[in-house]
Every structure is written in C-alpha cells, then in structure tokens.
Amino acid sequence: MLKRSLLALLLVLFAAAATPVSADGHLERQALEIGKQLRCPVCQNLSVADSSSQLAEQMRELIRKRLEAGESREQIIAYFVERYGEEILLDPPRQGFSQLVWWGALLIPLVGVVLVVVVVRDRLRQREAEAPAVAFFSEEERQRYESILAQEIEQAERTRLW
Amino acid sequence: MRLGDIGQIALVVAFALAAYGLVSAALGGVHRRPEMVASARGAGYGVALLVSVASLVLLAALLTKDFTLRYVYENTSRDAPLDVTLSGFWGGQAGSLLFWAWALALLGAVVLAVEFRSYRALMPGFLGTLFAIQIFFLAVLAFVSSPFQQHPAALPDGRGLNPLLWDDGMRIHPPLLLAGYMSFSVPFAFAMAALLSGRLRREWLQPVRRWMLVAWGIQGAGLLAGAWWAYHVLGWGGYWGWDPVENVALLPWLTATAFLHSVMAQERRGLFKVWNLGLVIASFALAIFGTFVVRSGVLASVHSFAQSTVGPVFFAFLGVTLVAALCLLFYRLPQLPPEGHLDSVASREASFLLNNFLLLSIAAATFWGTIFPLVSELTRGAKVTVGGPFYQQVNGPLALGLLVLMGLGPLLAWRRTSLMALWRNVRWPLAAGLLVGIVLFALGVQRGLAALAFAAAAFTLGSIGLEFWRGVRARRAMTGEPRPVALWHLVARARRRYGGYLVHLSMVLIAFGVIGSSFYQTEHVVTFRKGETHSVGRYTFTYQGMAEHVEPGVVAIVAPLSAADGATALGTLAPERRIHRNWEQQPVSGVAYQTTLPWLEDIYVILSGWGDDGSATFRIYINPLVSLIWLGGAVFLLGTLIAAWPAAARPRASVLRPAPQEVLVAEA
Ligand code: HEM
C-alpha cells in the first residue's frame, strides 16, 4: 500500500519535470542544436541535448520557450553564458584566453614534427659521416650490395617465422 | 575486537612489512647479499597475504552490511542485491584504493613467482621499486583515507550506492581500469631495476615488454568496457564522451602503445633506448595521475582539490617519482648510446618514429585539453569547459594518420625499403582503399571526409589482409596444408607478429564503427500516443503503452515500442526509466537497442518523458556501424592474448617441416 502511494507520488513528481515535447519539428531541431553547444552543469562533459538529467531537461524546455518567444540562437547562448559563466560552453570559444587551448593543440604536433625531423636528419647524417668506410665501392656496386643485403634481411626475417 | 579492527591492523602490518622489504631489498642489492633479496621476496608474498586479509574483511563487512563502518554505510544499503553490494568495494575512494593495492600485491606475487629466477640481478631494484609504491598506497590507506573508519554506533541502514553504478558495466569497468592503472607499476619497476643496477643491455627488455603488454591489454579492455558502459547505460547515444575520467585513462594506454612499437627498434637495432625508458616512466606516471585525478577532485575545481584528503599527498608522490626516475635516467645516459643509426626514411624503424609521434601528439593534446580548465581557473579565475568537439577536431586528423600508417608500417623492411619493393607491397591495399573511396562516393556518401576516412580504413584492412594471405600462401607452399590449418600454424608460430596484426585489425574495425557513427548518427525526438505508429528513417515504431515494475529499492517505468523494418517485424524495444530510493533526483534511463541486419545499424531508444494523457516521448537514435566497435573489442582481446602468450621455450620448427640440410648439419 505504502509502495503504491510512493509510486504514485514519484510518477506525479516526475511527469511534471518531463513535459511532452512540442510538435514543431523545426523548433525542436533548433533547440537540440543549441543544446549540443551547452554543457549540462550537473554532468561530466555531456551536452544539454544529450543528458537525461532533470536540470538538462529544464534547460531544454527553457531553450524552447525562448525560441518560441523569437529569440535567436546567439541570444539564447549569451543568456546561458551570462547565467552560468563561460564554463557552460562545451566548445571553448576561439577568442580571448580560451583560444590558448587551440593554439596549444596546434603547437604540440608542430613541436613533435620538428623534433622528429631533427632526430631523423641527425641520425641520417651520422650514417653519411661513417660512409667513407665503404667509399671504395663504386656507386653501382654499393647499390647492388645493398639490394642483396635488403633481400637477405628480408629472407632472414621470413625464415625466423617458421 | 570488531571486524573493522582486523582490517585496519592488517593494513598497518602490511605497511610495516613493505617498509622492511624495501630496506632488505636495497641492502641486499648494494651489498650483494642474495639471502636479503630472498627475504624481501618473502616480504612481498607476506604483503600480498595481508592486503588480501584487509580486502576480504572489507568484502565481509559489505556483505554482512556492517554499518558500523563508515565506508559500508556510504556505499551500500540493506536492500541492495548481492552484486551491487560487491560493486560497493570499488564504489568509493578508500575502497578503490584498497582494490588497487590488493591487485598490485597479487600481481607482484605472481611476477615474483614467474620471473624471480630468470632475472635475479634485476630483483633488488624491482622489489625495491614495487615496495616503494606499495608503501605509499598502504600509508594512504592506513593513515589518511582508511576504509575501516568506524562510526561510534552502528547506523540502521546505509545510504546506498549511486544508481549509475548499479549496472553490470560497473562490475567490470572500474575494476578493470584500476587493475590496468596498477599493472603499469610492473614494467616501471623492471625499468627502474635496470637503471638502478646499471644492467642496461638486452636483459631487461623482455620482462618490460611482456608486462607492459599485460598492463596495456588490461587498460585497453577497461577502456572498451567503459565505452560499452557509456553506450548501454548512460543513455546519450554515444560511447565516448571525452570526459576527464575517460581522457586520463586513455593517456597511459597511448604512451604504452608507443612503447610497444618503439621497443622493437631497440630489440632489433639498439635504437631509441633513452626514449623507450622515458615512455615506461611516462606510462607509470600517467597511470598514477589517472588513479588520482578523479579522486582528488582537482579537475572539478581547485577548491575541491584543496579540501580533498588524498589529492595533495598523491601529487607529492607523483612529483617525487618523476624527479627520482628522471634523475636516474639522466645519470645512466652515458650507458645508453644508440648502437646504430637510421639508414633511410623508408624503413621500419622510421615508421615507428612516426607512429610514436602521432600517438604522443594525441596523448599530449588530450592531456592539454583535460587540464586546460584548471590552467584557466588558476590563471584568471574563470573556468572553461573543453568538450567533445575540441578533441574530435584535434585528435581526428592525427588518428586518421595513425590508421594509414598502421597499414603502411608493416609493409616496410628494417633498415631500408627500395621504392620498387614498397610499390609492390602497397599497390593492392592502395587499390582497395581507392576502390572503397570511389564506390562510397558514387553511392552517395557525399561527405568527402567520411569517404576519405573509410578509404583509409579499407587501405589498412587490405594491408593486414595481405600480410595474412602472404603468410598462409608461403606456408602452404612449404607444407601443403589446407588454408585454415596453415593459418592456425602461421599464427601459432609467430604469435607476436600475428597477435599484433590482429590488434591492428581490431583497430580498423573500431575505426569503421567510429567513422560510421560520428558522421552518420541521426537523432529523432518523437512523441507517441498509445497505439500510435510513427516512422523514423527506414523503420516504423508502434507504442504499446506504459507499465510500472516495482523491484526492491527501485521503481521502473517501462514503455515498449514494437519496431519494424518495412514489412519485417524487428521485435519489441522496451526502454525504461528507473528511479532508485534515496536518489529520486537522478533517474537512470534504461536503454533499449537492437542491431539490424544487414545494415549494421543500431536502433537505440531512450524514454525521455511522458504526459498525463498516457503519451510518451522517446529519443530514437539510428547509429550506423557501432556494433563493429564491440566486434573490434573482441578481436582486440584475442590479439592481445596471442601476442602476450609466453613463447615456447624452444621453437619446434623441425617437427612439421624438414629443415634445410645446412641447418640440420649445424644442429648436429
Ligand atoms: C592505435 C594504434 C595501434 C595499436 C593499438 C597497435 C598495437 C600493436 C600491438 C599490440 C603489436 C604487438 C606488439 C608486441 O607483441 O610486442 C603491434 C605490432 C606492430 N605494429 Fe602496431 N599498433 C598500432 C599502430 C601501429 C602503427 C601506426 C604502425 C606503423 C608503424 C604499427 C606497426 C606495427 C608493426 C610493424 C608491428 C610488428 C609486427 C611484427 O612483429 O612483425 N602499429 N601493434
């Protein structure tokens, strides 16, 4: 009996939060688009569109109401930023301090590329420095020798398998 | 004496024994006294026993619902079923740390049993490093954040476990990740042992590679289980959200992947020695970082970090470990000269260099994105969020490069590959890639980027297929075996190589799934009245009405939809909302999903709300190819097992195939 009434209470509580979605498909799509750019404040990195938490549900409802009232996407996003701070944006803005995250992400592979190129050139040059040891080969002989060597290495690698 | 006291005493004694073991191993190593090293080994087994006692006590307290223990109160309740109660073990901070320490103690005992005799010279350093790590964890457990803290009087009922953690995934995902993090300690301890003892020739490579592969495999399985959990439980239609917890778990896996490749250049050619040791150190440091970053609250905000009991202690440990390890590496630099040089850019070793560059770029960018909110808060007081779109844009191109390279690298020979040979190897996979790209484009995959990514995956798939095909052909030519037998023997004879290629295959499968679902997922929000039918894409759905289920501690609301693809009925999809007692504010969605054939699309349905008039609103996702990710996961496990399987002591090559004459002579 107690359980029944508890259930009834829960259903009422919950149905209140879970308002049916408006029939206007275009509006709904727009609301989802905006929701995708906002972070659900009580979740870990989920967007308002993706989260099933009650707060996200309420925020989606708010977005819909504001869209119906004729506000633009930028206005709605600005409203949320004002209320919750920049943190509400799932994608850090590409201006001000936040652009540093983008520059950093660009810089990291660049530094990596430079490092790899430096190492490779350094190691290749070492090889050239040691090259005089085989300088009495003619270029033709050297090529023939190296192709045989490559074949042998490949051969050795294959026989190692069985 | 109460149960909790026994657990606490076991922890304190284990701490003391680990301290003894550290001193004994160090003295034994410095003064070359084998009996002291053997005594330290005994202490290792003792610590394993004592931490097991503490863990079993905590399990017993959870199972008997002993609410005198604060940890039990916080992580379970009277009406929680058995399996949920067990998950409470790693559901909270102290318990998860105990699990970590327990797993490390057990793994340490296994490693000692397996490797002690083979690597005696490395044992003092290995034991010392392992004990140092244990001492830290046991100190935190015994003196800072103990799971055996008691309430003055027993409370009537516990608060219960967070409902998100009730799912089956919770039984497998967190313990796998904790076990993965913990197991990076073993390769690290072997590397430290090599540096400490100065034995830096080939000896240490084998145990480090073997145990790195084990740690890497567990971590990979944990990541996959996490993706599975997110997809099937969290109910947002995706499997990877780039949230900080996931990101930090990915980091050591990436550096370990880099290590597994670059270490081959050291085994073969004596290259990249310092770099490889650096990768082992980085993997361990990132594993510690991952264990703690979540617990310390540092990523949530600077303030919660300052209030956390364990955060500062952990970062101190991380700092000391890094400084000590890097100083040691620096001190040994003169003993680590490269034994050769690169001969050509078109070589296996150069491709490994590129592989490392791509993997580390992904790791560094992910790390940077994860800590950026903290940087922002510290420097200007305002927090920002770095979400999925950032990581997709930054890591996407790098991952695409990795995918192509994965097809190219194995086709290159060591030292140098002539362009002719490269062309011979590459032409068929290239044709496969081009064909797939063009066909897809013609079929209406108009997004150029998607077609490009699919083509890259097809190229690599072709290259892996070619490797297997060639191997089978060569074997058949020699033995005349039927194809399946030849394949079986091929893999069994060269486990490391073909295990690795199977792992590559799994990455390609996962790539197909990721590309398909990130470019072509569609999402629909549909409201049904009872009995109504709506169509979504190719499919039609009929709503059958709502029902409630009352289970102990949970109320579930179920709203079944029957689905059909044209005239073919697909069965019933029954998404739910589950409301847990004490956690009414956090209802959990029960996802319903079905994979359709032959399209390999997932129909993924969430119940998102209902009205007083009996109508219900659903969120319906059509997710193409996601099931390939789980298939890839299975192949990943298989490949890892094959690659890590210990090699037979002696190759039995001559049993099945008459060896060439010269070899027989040489052996006789
Ligand atoms: C996420 C990406 C990758 C993963 C998870 C992965 C995983 C693996 C694993 C587990 C092995 C076996 C290692 C061992 O048993 O010690 C392996 C081997 C190998 N991998 Fe990768 N790999 C990846 C990317 C790459 C890339 C980009 C290249 C290109 C250079 C590459 C080239 C190779 C080669 C040449 C082997 C050796 C096979 C042999 O023994 O002959 N891998 N890989």
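The values are calculated or read from the model by the stated rules, or taken from the named source; none is laboratory data. On a predicted model such as this, the values are computed, not experimentally measured, just so you know. Every residue, glycine as well, gets a Cβ built from its backbone with ideal geometry; the counts of neighbours run over all protein chains shown.
The single condition from (1) out of contact with any Asp or Glu (no Cβ under 8 Å at 6 or more places or on another chain); (2) within 12 Å of another protein chain (Cβ to nearest Cβ) that B:A451 fails is (2).
Can you tell which of B:F89, B:F99 is closer than 24 Å to B:V310 by Cα, in a helix (DSSP H, G or I) and free of Cβ contacts under 8 Å to residues at least 40 places away in the same chain? Going through B:F89, B:F99 in turn, the sole match is B:F89. Just so you know, in the stretch B:486-512 the residues that are under 28 Å from B:W228 (Cβ atoms) and within 6 Å of the ligand (Cβ to nearest atom) include one that is nearest to the other protein chains (Cβ to nearest Cβ), and it is B:R496.
If only one of B:L408, B:L422, B:L336, B:L403 is within 14 Å of the ligand (Cβ to nearest atom) and touching a helix residue (DSSP H, G or I) at 6+ places or on another chain (Cβ under 6 Å), which one is it? The match here is B:L403. The helices (runs of 4 or more DSSP H) found wholly in the stretch B:270-360 and carrying at least 3 residues that are within 25 Å of the chain's Cα centre (by Cα), of a type outside the set (G, A, S) and modelled with pLDDT under 85 occupy B:273-296.
Yes/no per residue for (1) outside the structural domain of B:F131 (by TED's automatic domain parsing); (2) of a type outside the set (A, V, I, L, M, F, W, C); (3) modelled with pLDDT under 85; (4) surrounded by fewer than 18 Cβ atoms within 10 Å (Cβ to Cβ):
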| site | (1), (2), (3), (4) |
| --- | --- |
| B:Q8 | no, yes, no, no |
| B:F15 | no, no, no, no |
| B:G42 | no, yes, no, yes |
| B:L58 | no, no, no, no |
| B:F67 | no, no, yes, no |
| B:V84 | no, no, yes, no |
| B:G92 | no, yes, yes, no |
| B:A101 | no, no, no, no |
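Under the condition of being more than 11 Å from the ligand (Cβ to nearest atom) and over 17 Å from B:S627 (Cα atoms), the residues counted in the stretch B:220-230 number 1. Here is the figure for the stretch B:363-387: residues that are touching a residue at least 12 places away in the same chain (Cβ under 8 Å) and more than 7 Å from chain A (Cβ to nearest Cβ) total 9.
With respect to the stated conditions, B:V233 is modelled with pLDDT under 85, away from the ligand (no atom under 16 Å from the Cβ) and among the aliphatic types (A, V, I, L, M). Every listed requirement among (1) within 7 Å of another protein chain (Cβ to nearest Cβ); (2) modelled with pLDDT under 70; (3) part of a helix (DSSP H, G or I) is met by A:W162 save one, (3). Within the stretch B:393-408, the set of residues being touching a residue at least 12 places away in the same chain (Cβ under 8 Å) and either among the acidic types (D, E) or within 10 Å of another protein chain (Cβ to nearest Cβ) (or both) comprises B:V394, B:N395, B:L398, B:G401.
All conditions in (1) within 14 Å of chain A (Cβ to nearest Cβ); (2) touching a residue at least 24 places away in the same chain (Cβ under 8 Å); (3) within 16 Å of the ligand (Cβ to nearest atom) hold for B:A474, with the sole exception of (2).
What are the residues in the stretch B:255-272 that are within 13 Å of chain A (Cβ to nearest Cβ) and of a type outside the set (G, A, S), if any? B:M264, B:E267, B:R268, B:R269, B:L271, B:F272 - these are the residues of the stretch B:255-272 that are within 13 Å of chain A (Cβ to nearest Cβ) and of a type outside the set (G, A, S). With respect to the conditions (1) without any contact (Cβ under 8 Å) to a residue 12 or more places away in the chain; (2) surrounded by 18 or more Cβ atoms within 10 Å (Cβ to Cβ), B:W414 falls short on a single one, namely (1).
If you go through the stretch B:442-449 one residue at a time, do you hit one that is more than 20 Å from B:N395 (Cα to Cα) and either in contact with a helix residue (DSSP H, G or I) (Cβ under 7 Å, 6 or more places away or on another chain) or within 16 Å of the ligand (Cβ to nearest atom) (or both)? Yes, the conditions are met somewhere in the stretch B:442-449. In the stretch B:567-599, how many are in a loop (DSSP other than H, G, I, E, B) and more than 19 Å from A:A49 (Cβ to Cβ)? Number of matching residues: 10. Number of residues in the stretch B:600-617 that are assigned to a strand (DSSP E or B) and of a type in the set (G, A, S) equals 3.
All but one of (1) surrounded by fewer than 24 Cβ atoms within 10 Å (Cβ to Cβ); (2) at positive phi; (3) not acidic (D, E) hold for B:R201; state the number of the condition that does not hold. Going through the list (1) surrounded by fewer than 24 Cβ atoms within 10 Å (Cβ to Cβ); (2) at positive phi; (3) not acidic (D, E), B:R201 breaks only (2). If you filter the stretch B:339-362 down to residues that are more than 10 Å from the ligand (Cβ to nearest atom) and aliphatic (A, V, I, L, M), you find that the one that is nearest to the other protein chains (Cβ to nearest Cβ) is B:L342. Does B:G465 qualify as being closer than 29 Å to B:R210 by Cα, at pLDDT 90 or above and within 14 Å of chain A (Cβ to nearest Cβ)? In short, no.
Here's the yes/no breakdown for (1) surrounded by fewer than 21 Cβ atoms within 10 Å (Cβ to Cβ); (2) modelled with pLDDT of 85 or more; (3) at the interface with chain B (Cβ under 10 Å from one of its Cβ atoms); (4) on the phi > 0 side of the Ramachandran plot:
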site	(1), (2), (3), (4)
A:C40	no, no, yes, no
A:L55	yes, no, yes, no
A:M59	no, yes, no, no
A:R73	yes, yes, no, no
A:E86	yes, no, yes, no
A:V120	yes, no, yes, no
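Conditions (1) in contact with a Cys (Cβ under 6 Å, 6 or more places away or on another chain); (2) under 21 Å from B:A564 (Cα atoms); (3) surrounded by 18 or more Cβ atoms within 10 Å (Cβ to Cβ), marked per residue:
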| site | (1), (2), (3) |
| --- | --- |
| B:P587 | no, no, yes |
| B:T595 | no, yes, no |
| B:V605 | no, yes, yes |
| B:L631 | no, no, no |
| B:L638 | no, no, no |
